Structures are given as C-alpha cells and as structure tokens.
Amino acid sequence: MVVAGVDVGNATTEVAIARLSPGREPEFLSVTRGPTTGAKGSAAAADGVLDLIIRASRRLGEEPSRILLADLHPVETGLRELAADEERDLGGVAIARPVSATPSGLGAAAGRLVDLDDLTGDPAGDPVIPIVPPLDFDAAAARLNDARQRGWRLAAIVVTNDDGVLIGNRVDRTLPIIDEVADAADLSRGAWAAIEVAPPGGVVEQLADPLRLAVLLALDPSRARGARNAARALVGHRAAIAVRGEASSGASHRDAPPLATLQDGSQVAVDHAVAPPAHGAVRRVEGVDAELIDAFWAPLPAPDDDARLALALHARRAVGLAVLAERGDRVLEAALAERAGCEVVVVGAETAAAVAGASTTPGAGHAPIVIDMGGGTVDLHVGLDGSARAVAAAGAGHLVDRICGAILGVDHLRAEQAKRLPTVHVETPFILRHEDGGRTFLERPAPARCVAHLCLAERRDGSLDPLEAALPPELWARLRRAAKRDVIAANLRRAAEAVGGLPAGELAVLVGGCAEDQEVVDEVSLALADLDLAIARGDILGRHGPRAAVAVGLVLLHAETA
Amino acid sequence: MSAPAVVLATDDAELVRLVRAAFEEEAVPLAVVAPAPARAAAVRSPLGIGLAARGDRLELALATGPDEPWLVDDDPRRLGRIAARLAARRPLGELP
C-alpha cells in the first residue's frame with residue numbers, strides 16, 4: 001500500500017509518500033513541499049495538498065491509496081498598531097515632515113502661512129512663511145527678494161519642489177527653508193506655523209519639545225500639554241513644520257487594546273507593555289471568534305543602543321499576536337477524501353508525528369526533546385523515563401514575519417524574505433557594507449535603485465532588493481535577531497514551563513522551517529544554555545534537513561499501527 | 001584635479017546651468033571641463049563620477065567598472081541630481 005503523510009502547516013504543506021509492506025520498514029518514495037493554500041485545516045488547503053500528491057504520483061507512477069493527516073489546529077497571526085500617527089489627537093497641531101534631505105538654513109522660526117502670490121500686496125504686520133508652488137527657483141527667489149524689499153518679514157519658507165537650497169542661496173541662507181513638501185497644498189493658509197531645520201546629521205529639537213513648540217505656536221498654557229503628541233511625532237526628523245489649528249483635547253487617542261480572557265475569567269490587555277500569560281492560560285481574545293488553546297503576543301523590539309529609534313518604535317504601540325484555536329470541523333479531511341477519492345486518516349497529534357520524524361535523523365535515535373518550530377507554533381515534546389509531555393505554543397515564524405514587516409514597513413511576504421536573508425548597505429555602486437561591518441567590492445556596479453539603501457541580499461545569485469527603511473544593516477540585524485528571540489526563544493521558554501521544565505544534559509532535536517535559520521538555532525541555544533543540552537538540527541531521513549518531520553512521522557506512526 | 005568634485009565635460013551653457021542647479025541643491029561640488037566622453041570625465045573626477053553629453057542625452061559614468069555609462073537620461077537636472085546624490089551617498093530618488 002502506498003500512503004501519503006501530509007503536514008499542512010500555516011505556511012508550508014509537506015507530503016511524504018511511502019510504500020508500506022507488512023513486516024517491513026516504510027519505503028519512502030518522495031518528500032515534497034509547497035505553499036499552503038488557504039488557512040490551515042480549511043477546504044482551500046486541499047488544493048495545495050492535492051497538487052503536491054498529483055505531481056509526486058506522476059513522477060512515481062503510482063498514487064497513494066490513503067492520506068495521513070495530523071490533528072490540525074489553525075493559528076492566526078497579525079499585528080496591530082494602536083498609535084499610528086494619523087490616529088493621534090495632536091492637540092490641534094497639524095504637522096508635516098518633508099522628505100527632502102536638503103533643507104536650507106538653520107534654526108526654528110514662526111510666522112503666518114501665506115501663498116507666494118499673497119506677497120504682491122502691502123506687507124502684513126506679522127512675520128510670514130510663504131509657500132512656494134512648483135516654480136522655477138530663480139523666478140521664485142526674485143519674487144521673495146522683491147517682497148522682502150517692500151517690507152515683508154519672511155520668517156521661513158516652504159517650497160513644494162526640491163529647490164530649498166537653491167532658493168535659500170538666492171534669498172537668505174540663514175532662513176529655515178523646507179522643501180519637497182508634497183502636501184503643501186493642504187497647509188492651512190493664514191494659520192500660524194513654526195518651521196525648524198537642524199544642521200546636517202542633526203534632528204529638530206525645538207519642535208520636538210512640547211513646551212518650546214507651544215511657545216513657537218503661541219499656544220496658551222492650557223494647550224501646551226496637548227502639543228506633546230505633535231512634538232513626539234516630529235522626533236528624529238531633520239526638518240519639520242507644525243501648524244496651529246483649532247484647539248482640541250490633546251488627549252492621546254488611545255485605542256483600547258483588545259482584551260484576553262483567561263481560563264479563570266480574569267482579563268488582561270493584549271498590549272505591548274503587558275507580558276503574555278503562561279501557555280494555555282488564554283481562553284478568548286477580543287476580535288477572535290474561536291475558543292483558544294493558546295495565545296501569545298510580542299511587541300516590536302527596542303534597540304538598547306538607539307534611544308531615538310526605540311522611542312519611535314515604542315510610540316507605535318504595536319503588538320504582534322498569534323492565537324492557536326480549537327478546530328470544530330473536519331472540512332479539510334472531507335475535501336481531501338472527496339477530491340482524492342481515497343481514504344483520509346487522522347493519525348494523531350502533530351507533536352507525536354514530529355518526534356517520530358525527528359527520530360529518522362542519523363544518530364538521533366528517539367531524542368528525549370524534540371522542538372518543532374514552524375510558521376504558526378513552537379511545538380515541544382519531552383519524552384523521558386516512559387512519560388511524554390507535549391505542548392503547542394502559538395507564535396513562531398509568521399509572528400516574526402509580522403514584526404519584521406512592521407519595522408521595515410513591508411508586507412508579510414517581503415518580511416518573510418527579510419527575516420531569513422542577510423542585508424547590505426550599498427555604499428557606492430561598487431561597495432557593499434555587510435551586517436558585520438565588512439565590505440564587498442563588486443566587479444560590476446549595483447543597480448542605481450539600490451544605492452544608499454538597505455538591501456536584501458539573495459544568497460544564491462547575490463541579487464539585491466532595496467528596502468525603504470533607513471536602517472543601517474548592523475542595526476537591522478540586531479532588530480531581526482531580537483524579533484526571533486522575543487518570539488521563538490521566548491515562546492519555547494513558555495512551552496518548557498508548561499511541560500514542567502526540560503531535563504538538563506539531554507539531546508534536543510530542532511525540526512521545522514525555522515530550524516533552517518541559523519539565527520533561530522542560535523537564539524534557541526542561548527535560551528536553553530543553562531540546561532547544558534546537546535542541541536542538534538534534525539536531518540529527516542538523512543537528506544531533508546529539519547523539514548518534513550511531521551509528514552514523515554505520520555507515515556511512521558501509521559505503519560506501527562496499520 | 002584634486003578637489004573633491006564630480007566632473008561635467010561639456011561646453012553647452014544651458015546644460016551646465018541645469019546640472020549646476022542640481023549640484024547646488026545637493027551641496028556637492030561640480031567641476032566643468034572641455035567636452036570629453038563621460039568615462040574620461042569620471043577618470044578625471046576625484047570622486048570617480050563623470051557626466052557628459054552624447055547627442056541630446058546626458059551620460060553618467062563611473063571611473064571604475066565597465067566602460068559603458070552607468071546611467072543615461074534626457075533630463076539633465078535629474079541626472080545631475082542623481083550624480084550629486086551618488087557623490088553624497090544619499091538615496092538617488094527618481095531614476096530615468
């Protein structure tokens with residue numbers, strides 16, 4: 001009989017096809033994998049399973065007569081930011097942060113926003129901040145100089161095009177001038193505004209200070225505190241503008257975090273400042289329509305050597321959440337049975353299958369500790385002295401993706417690449433700076449779009465994929481590793497507590513997609529360093545690395561009972 | 001030439017005006033020399049970056065690497081900005 005052991009993961013589906021003969025070890029004919037189609041356990045996931053089985057069957061010339069599945073529990077992961085800038089009440093202060101790296105002048109100044117065309121009349125009593133529309137820089141400078149000569153007091157200038165320095169050189173090099181202000185049309189004409197330009201390499205100080213900002217905008221003391229969110233939003237920028245608007249409460253518009261209900265009925269906030277409860281403690285989470293086996297959350301990591309970035313990440317109040325749900329249906333099993341036209345058997349728990357699969361690693365035997373780190377969960381199995389304990393903890397590779405994506409500002413598919421690929425900074429078309437500070441010199445120039453950018457570096461062909469995040473590779477690498485530590489290593493510690501601890505000095509075999517990532521292996525090894533464990537990566541059937549442990553294990557478990 | 005500068009090889013006054021504006025905005029030094037291929041201009045540039053007109057287009061060449069231009073553009077202000085940002089090691093922005 002030919003059977004197919006199928007592991008439908010949250011990210012990847014793996015299929016191990018084997019021939020079972022009475023009294024003999026299973027003969028493995030094929031191990032393949034592909035992306036999971038649809039949610040784990042859903043009918044849509046059958047597409048990916050059948051595609052893999054059909055392709056393998058064609059190659060082998062025979063089809064499986066039985067499909068073997070594990071008892072599946074779906075995991076959902078997501079990331080929620082409770083404090084995106086646009087959601088904040090800025091205390092009646094509008095802000096803009098120009099994209100240009102070349103503002104002109106230095107310092108902070110305040111005045112009333114006017115259009116350049118408004119400078120044709122008699123001068124106003126107040127200092128003004130003209131807004132220069134897309135216009136030739138010589139013509140704009142001539143009109144600004146003419147207005148100054150007629151008595152207009154220019155406090156600062158807003159330029160729509162990337163002409164700030166050109167205009168500054170022709171008008172007044174000391175005036176703060178911000179340029180490339182794409183939303184200049186939205187600035188409220190007649191409103192009182194403040195502009196600050198910091199020296200090269202510096203960041204705004206006066207506009208980022210709530211009291212100084214309130215003074216510049218002539219806010220009364222009752223509104224000064226309300227300006228704190230606007231000031232906070234300008235931290236870390238070289239140039240900025242703040243505009244006084246109608247008074248508002250200035251209270252932070254603090255979206256309430258979802259609440260998690262624990263088994264004892266108490267509730268905790270799913271918040272970046274709240275540690276997730278112990279494994280299995282959460283029964284429900286607001287907004288998730290399912291009874292839960294486990295829930296885990298993690299904040300964005302904070303670099304301990306970069307207070308400015310740490311503050312910016314903290315202010316986002318972002319939290320990545322993973323929930324492991326009970327599954328009340330068998331729609332995947334039914335879909336597979338109907339469409340494949342063969343018997344579908346649920347063999348047992350994923351953890352048990354992972355242990356069986358891990359045992360095919362040469363030299364491993366029946367390892368007492370097996371850690372399966374996949375897309376959705378960290379599964380821990382401890383079998384020693386005739387007893388076995390196993391837990392599946394929500395939150396693994398996908399949650400790392402979400403956190404990496406939030407830091408880099410990319411979707412989760414790109415984040416998945418960013419999680420596993422090294423990065424470089426393209427210093428010049430011929431020089432790459434690596435995460436360890438080392439340099440590579442290219443024979444042919446890098447693409448122009450990569451220059452001065454943090455880029456993902458594909459290992460196979462060396463191709464570069466530029467990212468928009470302005471992070472040096474050394475810092476990004478630390479954040480990436482911290483995300484893996486905060487999710488996978490932290491979750492493994494929760495799982496270890498749930499099984500009553502791990503025995504010291506034993507062999508632990510790592511399997512699953514995350515076990516292919518050396519950084520994850522390093523973080524796991526560090527998390528378990530006190531236990532003096534022999535931590536080894538699985539090599540399923542001696543040729544598949546740490547992948548396909550569950551698919552192979554399902555076949556082995558089934559062969560024992562069939 | 002020893003002062004750090006990108007070299008523009010042309011005698012076209014309008015081209016010089018447009019490219020010089022881009023360099024002024026980016027606060028990067030530009031030296032203008034007699035017409036020559038962009039690669040020759042790059043070799044003369046202490047920053048290894050050269051610009052030169054070829055027909056009605058502007059070419060940006062690097063002193064190292066292949067002989068052919070690295071970028072070609074029909075917008076002198078834009079390619080000037082790219083050359084200046086390349087010298088300043090800033091992201092290049094919009095590309096041709």
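The values are calculated or read from the model by the stated rules, or taken from the named source; none is laboratory data. If you're wondering where the values come from, they're calculated on a predicted model, not measured in any experiment. Reconstructed Cβ throughout: ideal geometry from the backbone, glycine too, with neighbour counts over all protein chains shown.
General remarks:
- Within this structure, A:HIS314 passes the test of being farther than 30 Å from A:ASP47 by Cα and not aromatic (Phe, Trp, Tyr).
- Selection of the stretch B:1-21 for residues being buried (at least 23 other Cβ atoms within 10 Å of the Cβ) and assigned to a helix (DSSP H, G or I) yields only B:VAL19.
- Cβ-Cβ contacts under 8 Å between residues 6 or more apart (or on different chains), taken from a first residue in the stretch B:26-41 that is touching a residue at least 40 places away in the same chain (Cβ under 8 Å) and over 10 Å from B:ALA87 (Cβ atoms) to a second residue that is β-branched (Val, Ile, Thr) and buried (at least 18 other Cβ atoms within 10 Å of the Cβ), are listed as B:ALA27/A:THR102; B:ALA27/A:VAL165.
- Qualifying residues in the stretch A:396-443 (those that are assigned to a helix (DSSP H, G or I) and small (Gly, Ala, Ser)) - the one farthest from A:LEU479 (Cα to Cα): A:GLY397
- Within the set A:ALA452, A:ALA446, the sole residue that is hydrophobic (A, V, I, L, M, F, W, C), out of contact with any His (no Cβ under 9 Å at 6 or more places or on another chain), within 14 Å of another protein chain (Cβ to nearest Cβ) and not in a helix (DSSP H, G or I) turns out to be A:ALA446.
- Residues that are over 15 Å from B:VAL16 (Cβ atoms) and in contact with a Ser or Thr (Cβ under 8 Å, 6 or more places away or on another chain) were ranked within the stretch B:45-96; the one that is surrounded by the fewest Cβ atoms within 10 Å (Cβ to Cβ) is B:ARG89.
- The stretch A:105-164, subset part of a helix (DSSP H, G or I) and within 14 Å of chain B (Cβ to nearest Cβ), residue surrounded by the most Cβ atoms within 10 Å (Cβ to Cβ): A:GLY164
- Residue count, the stretch B:30-56 (criterion: assigned to a strand (DSSP E or B), more than 20 Å from A:PRO447 (Cα to Cα) and not small (Gly, Ala, Ser)): 4
- When A:VAL355, A:VAL370 are checked against the criterion of being on the phi < 0 side of the Ramachandran plot, part of a strand (DSSP E or B) and crowded, with 24+ Cβ neighbours inside 10 Å, A:VAL370 stands alone in meeting it.
- For the stretch A:520-541, the condition of being over 25 Å from A:ILE407 (Cα atoms), within 14 Å of chain B (Cβ to nearest Cβ) and in a strand (DSSP E or B) holds for none of the residues.
- For the stretch A:44-86, the candidate set comprises residues that are among the small types (Gly, Ala, Ser) and touching a helix residue (DSSP H, G or I) at 6+ places or on another chain (Cβ under 7 Å); within that set, the residue that is nearest to A:ALA334 (Cα to Cα) is A:ALA46.
- Test for A:GLY34: is it in contact with a strand residue (DSSP E or B) (Cβ under 9 Å, 6 or more places away or on another chain) and among the small types (Gly, Ala, Ser): yes
- Single unsatisfied condition, A:ALA483 versus (1) within 14 Å of another protein chain (Cβ to nearest Cβ); (2) crowded, with 20+ Cβ neighbours inside 10 Å; (3) within 22 Å of A:ARG414 (Cβ to Cβ): (1)
- Residue match in the stretch A:183-197 (condition: within 14 Å of chain B (Cβ to nearest Cβ), in a loop (DSSP other than H, G, I, E, B) and under 38 Å from the mean Cα position of the chain (by Cα)): no
- Residues that are under 23 Å from A:PHE137 (Cα atoms), part of a strand (DSSP E or B) and either within 9 Å of chain A (Cβ to nearest Cβ) or not acidic (Asp, Glu) (or both), drawn from the stretch B:58-96: B:LEU58
- Within the stretch A:429-443, considering residues that are farther than 21 Å from B:ALA42 by Cα and acidic (Asp, Glu), the one farthest from the other protein chains (Cβ to nearest Cβ): A:ASP436
- Selected residue (criterion: surrounded by the fewest Cβ atoms within 10 Å (Cβ to Cβ)) from residues of the stretch A:458-470 that are modelled with pLDDT of 95 or more and more than 13 Å from every other protein chain (Cβ to nearest Cβ): A:ASP465
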